[in-house]
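K.L.:
First the structure, which I've put down as structure tokens, then a few questions once you've had a look.
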Amino acid sequence: MHPHESFRETFAAGGSLLRGGPLFNRERAEKVLQQESLSGLIVAEPVNVFHLTGYWPQLGKMGFPAPTLALLSADPKKPVALVIPQFLYYLVYADSHFDGGVEPYVYTHRAVTATAVLGDVEEPGAGELRIYRDKGEAPVDAVETHRRAAVQAAAARNGLSAEREWAMVKAARALDMDKGRVGVDHMAIMAMLEYSPLKATAVAGDNTLRKIRLVKSPREIELMRLASQANADAALAAAGTAREGATTQELRASFFSEAASRGNAGVFMSIDRMISEVVDFEFGEGSAFFIDCVSHGWHYHGDFARTIFVGEPANAMRDATRAMHIGWEAIREKLRPGLRYSEIPPIGQKAVRDSGLDFDIPFAPHSVGLTHTDEPGQDGRPYWVKEDLRLQPGMIISVDCPVMNTGIGGSAHMEDLSLITAHGAEPIHTLTDPVIVV
């Protein structure tokens, strides 16, 4: 299939999945919130707003801090609340025609006569709806008709708020989140809660959010399939451009271009152990090196690595790629719910030793999703430290297989994404040979 055909199909399929609204695993969220004694979550980081609502805040893409909030109640019967600037709801959000599950709380600005300070008095008056003025010289088209109806319905349903803070207060009260412990992900929310009339206590919520993201919903899994297949295809297409005289910058540009042609956005590409984007050197006859490619589609990440031989490699490189393949195949057969992260590397390393080969390969697992490393760390630590997680159905993991030896005539790595199922694991993209010969 031509990449442009793939792009159109992926784009249509991804858009259809996103239109369903909230993406997160609700059952998983309910369990995590209960375990952590939280009445809910209030988030402002775009990745978290997107996960809870299906909408990536437009102003977040433009660098504005915390203009849009999402609120998730511990009560599963409550909808997700979206606190959003009224004009952006009208100009951007309404065009997506989301199916539901999200309750909008739109805000404008304080009316000219309002002088109240948040928390001291009742909510100040809100400004008027801001929409395009109809000059009446031609019929209003369907886009504008829908936008107006959508924003007017949102304003009528929950009223207009004067500011983001007041819309948050209104949403929190409706979701029974006006007291108790609330997980937050942004300093701005902590400040708003401190000066608001709510009785809720803010606690750090990043790890809570990562625990929820760890187990994907069915729609998230489908988005991951689209993103990871496009990422793998782009990496393989780019690998075909590697040859004697070609450079690392040309190879990286090819991957980013191939990813874009399939609907993904490039994130990074490691070439021959080097991730730095300023490094540039030529490949020669006999070069043997790995590529590790990451891009995202619909904000979900693919992660794929293979080894490239330009001509005939050193014998040690052939042994190295055979070792990592043997280890990964042994691990793939053993992946299943209940297996701990710490139990995964020894499986691959034993298989390598049993084959008579001697290479240092970590076989290190990590979750992949809305970020490259999409998993919680150890609770209570002042900085992120990987938790020794047990695999669960609905997790999508990578097992990194880089050969961590020098003096072998090059570098080697392979990496695939696997969905943990009730009884084992399955790849979420097409599997290929560990070595690409060009």
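K.L.:
Might you check whether a residue that is within 30 Å of residue 287 (Cα to Cα), touching a residue at least 40 places away in the same chain (Cβ under 8 Å) and touching a helix residue (DSSP H, G or I) at 6+ places or on another chain (Cβ under 8 Å) occurs anywhere in region 371-386?
P.N.:
No, there is no match, as no residue in region 371-386 is within 30 Å of residue 287 (Cα to Cα), touching a residue at least 40 places away in the same chain (Cβ under 8 Å) and touching a helix residue (DSSP H, G or I) at 6+ places or on another chain (Cβ under 8 Å).
K.L.:
For a quick check of your reading of the model, give me the residue pairs whose first member lies in region 149-176 and is over 11 Å from residue 85 (Cα atoms), whose second is among the aromatic types (Phe, Trp, Tyr), with beta-carbon atoms closer than 7 Å and at least 6 apart or on different chains.
P.N.:
What qualifies is 154/89; 158/105; 166/107; 170/105; 171/105.
K.L.:
Continuing with the same structure: Among the residues of region 160-218, which ones are acidic (Asp, Glu) and either under 18 Å from residue 51 (Cα atoms) or touching a Cys at 6+ places or on another chain (Cβ under 8 Å) (or both)? So that I can check it myself, show each step before the final result.
P.N.:
The initial filter retains those residues of region 160-218 that are acidic (Asp, Glu), namely 163, 165, 176, 178, 185, 194, 206.
Selection gives 185, 206.
K.L.:
Ok, one more. Residues being buried (at least 21 other Cβ atoms within 10 Å of the Cβ), in a helix (DSSP H, G or I) and in contact with a helix residue (DSSP H, G or I) (Cβ under 6 Å, 6 or more places away or on another chain): count how many of those fall in region 212-222.
P.N.:
Counting residues in region 212-222 that are buried (at least 21 other Cβ atoms within 10 Å of the Cβ), in a helix (DSSP H, G or I) and in contact with a helix residue (DSSP H, G or I) (Cβ under 6 Å, 6 or more places away or on another chain) gives 1.
K.L.:
Still on this structure: Test residue 263 against the stated conditions and say whether it is assigned by TED's automatic domain parsing to the domain that holds residue 300 and on the phi > 0 side of the Ramachandran plot. Talk me through it step by step, then tell me what you get.
P.N.:
Values: assigned by TED's automatic domain parsing to the domain that holds residue 300: yes; on the phi > 0 side of the Ramachandran plot: yes.
So residue 263 fits the description; yes.
K.L.:
Out of all the residues in region 290-329, which are among the hydroxyl-bearing types (Ser, Thr, Tyr) and touching a Leu at 6+ places or on another chain (Cβ under 7 Å)?
P.N.:
Pass one, region 290-329, residues among the hydroxyl-bearing types (Ser, Thr, Tyr): 295, 300, 307, 321.
Result: 300, single match.
K.L.:
Condition first: modelled with pLDDT under 95 and among the charged types (D, E, K, R). Now tell me which residues in region 220-249 satisfy that.
P.N.:
243, 244
K.L.:
How about region 364-417: which of its residues are touching a Phe, Trp or Tyr at 6+ places or on another chain (Cβ under 6 Å), crowded, with 19+ Cβ neighbours inside 10 Å and small (Gly, Ala, Ser)?
P.N.:
Matches in region 364-417: 410, 411, 412.
K.L.:
Note down all Cβ pairs under 6 Å where the first residue falls in region 323-347 and is without any contact (Cβ under 8 Å) to a residue 60 or more places away in the chain and more than 20 Å from residue 357 (Cα to Cα), the second is of a type outside the set (A, V, I, L, M, F, W, C) and surrounded by fewer than 20 Cβ atoms within 10 Å (Cβ to Cβ), and they're at least six residues apart or on different chains.
P.N.:
If the second residue must be of a type outside the set (A, V, I, L, M, F, W, C) and surrounded by fewer than 20 Cβ atoms within 10 Å (Cβ to Cβ), the pairs left are 338/390; 340/388; 340/390; 341/388; 342/388.
K.L.:
If you don't mind, there's one more thing I want to ask. Looking at this structure, is residue 397 touching a Lys or Arg at 6+ places or on another chain (Cβ under 9 Å) and outside any loop (DSSP other than H, G, I, E, B)? Spell out the reasoning first.
P.N.:
Working: touching a Lys or Arg at 6+ places or on another chain (Cβ under 9 Å): no; outside any loop (DSSP other than H, G, I, E, B): yes.
Judged against the criteria, residue 397 is not a match.
K.L.:
Just need a number here: residues in region 230-250 that are buried (at least 22 other Cβ atoms within 10 Å of the Cβ) and part of a helix (DSSP H, G or I). Give the steps one after another, and end with the answer.
P.N.:
Taking region 230-250 first, the residues buried (at least 22 other Cβ atoms within 10 Å of the Cβ) are 230-235, 238, 242.
Next, from what is left, pick out any that are part of a helix (DSSP H, G or I): 230-235, 238.
Number satisfying all stated conditions: 7.
K.L.:
Now for a different question. I'm trying to understand the selection: among the residues of region 33-50, which are surrounded by fewer than 24 Cβ atoms within 10 Å (Cβ to Cβ) and among the β-branched types (Val, Ile, Thr)?
P.N.:
If the condition is that a residue be surrounded by fewer than 24 Cβ atoms within 10 Å (Cβ to Cβ) and among the β-branched types (Val, Ile, Thr), then 47 is the only one that fits.
K.L.:
Tally time: how many residues in region 185-214 are within 20 Å of residue 376 (Cα to Cα) and either acidic (Asp, Glu) or within 18 Å of the chain's Cα centre (by Cα) (or both)?
P.N.:
So the count comes out to 12.
K.L.:
Count, please, the residues in region 354-363 that happen to be buried (at least 20 other Cβ atoms within 10 Å of the Cβ) and not hydrophobic (A, V, I, L, M, F, W, C). Steps first, please.
P.N.:
Quick first cut of region 354-363, residues buried (at least 20 other Cβ atoms within 10 Å of the Cβ) only: 359, 361, 363.
Next, from what is left, pick out any that are not hydrophobic (A, V, I, L, M, F, W, C): none.
Going through region 354-363 one residue at a time, the tally reaches 0.
K.L.:
With the structure loaded, tell me whether residue 17 is in a helix (DSSP H, G or I), assigned by TED's automatic domain parsing to the domain that holds residue 192 and modelled with pLDDT under 95 or whether it fails that test. Explain how you work it out, then say what you get.
P.N.:
Values: in a helix (DSSP H, G or I): yes; assigned by TED's automatic domain parsing to the domain that holds residue 192: no; modelled with pLDDT under 95: yes.
Answer is no for this residue.
K.L.:
Would you be able to say whether some residue in region 82-91 is out of contact with any Cys (no Cβ under 8 Å at 6 or more places or on another chain), in a helix (DSSP H, G or I), at pLDDT 95 or above and farther than 23 Å from residue 70 by Cβ? Step through it out loud before you land on a result.
P.N.:
Let us first name the residues in region 82-91 that are out of contact with any Cys (no Cβ under 8 Å at 6 or more places or on another chain), namely 82-91.
Among the residues that remain, those that are also in a helix (DSSP H, G or I) are: 86-91.
From what's left, at pLDDT 95 or above: 86-91.
When the remaining residues are screened for being farther than 23 Å from residue 70 by Cβ, the result is none.
Checking region 82-91: not a single residue is out of contact with any Cys (no Cβ under 8 Å at 6 or more places or on another chain), in a helix (DSSP H, G or I), at pLDDT 95 or above and farther than 23 Å from residue 70 by Cβ.
Results for (1) buried (at least 20 other Cβ atoms within 10 Å of the Cβ); (2) within 30 Å of residue 57 (Cα to Cα); (3) touching a residue at least 40 places away in the same chain (Cβ under 8 Å), shown as yes or no for each residue.
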{"position": "224", "(1), (2), (3)": "yes, yes, yes"}
{"position": "254", "(1), (2), (3)": "yes, yes, no"}
{"position": "263", "(1), (2), (3)": "yes, yes, yes"}
{"position": "285", "(1), (2), (3)": "no, no, yes"}
{"position": "289", "(1), (2), (3)": "yes, no, yes"}
{"position": "307", "(1), (2), (3)": "yes, no, yes"}
{"position": "320", "(1), (2), (3)": "yes, no, yes"}
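K.L.:
Next up: Quick one: would you say residue 325 is of a type outside the set (Gly, Ala, Ser) and farther than 21 Å from residue 437 by Cα? Reasoning before the result, please.
P.N.:
Values: of a type outside the set (Gly, Ala, Ser): yes; farther than 21 Å from residue 437 by Cα: no.
Considered against the rule, which asks whether it is of a type outside the set (Gly, Ala, Ser) and farther than 21 Å from residue 437 by Cα, residue 325 comes out as no.
K.L.:
Another question, then. Within region 188-211, is there a residue that is surrounded by 17 or more Cβ atoms within 10 Å (Cβ to Cβ), within 29 Å of residue 12 (Cβ to Cβ) and of a type in the set (Lys, Arg)?
P.N.:
No, region 188-211 contains no residue that is surrounded by 17 or more Cβ atoms within 10 Å (Cβ to Cβ), within 29 Å of residue 12 (Cβ to Cβ) and of a type in the set (Lys, Arg).
K.L.:
Would you check if residue 103 is without any contact (Cβ under 8 Å) to a residue 24 or more places away in the chain and not basic (Lys, Arg)? Quick ask: steps written out before the conclusion?
P.N.:
Details: without any contact (Cβ under 8 Å) to a residue 24 or more places away in the chain: no; not basic (Lys, Arg): yes.
Answer is no for this residue.
The values are calculated or read from the model by the stated rules, or taken from the named source; none is laboratory data. Fair warning: this is a prediction, and the values are worked out from it, not measured in the lab. Cβ sites come from the backbone with ideal geometry, for glycine too, and all protein chains shown count toward neighbours.
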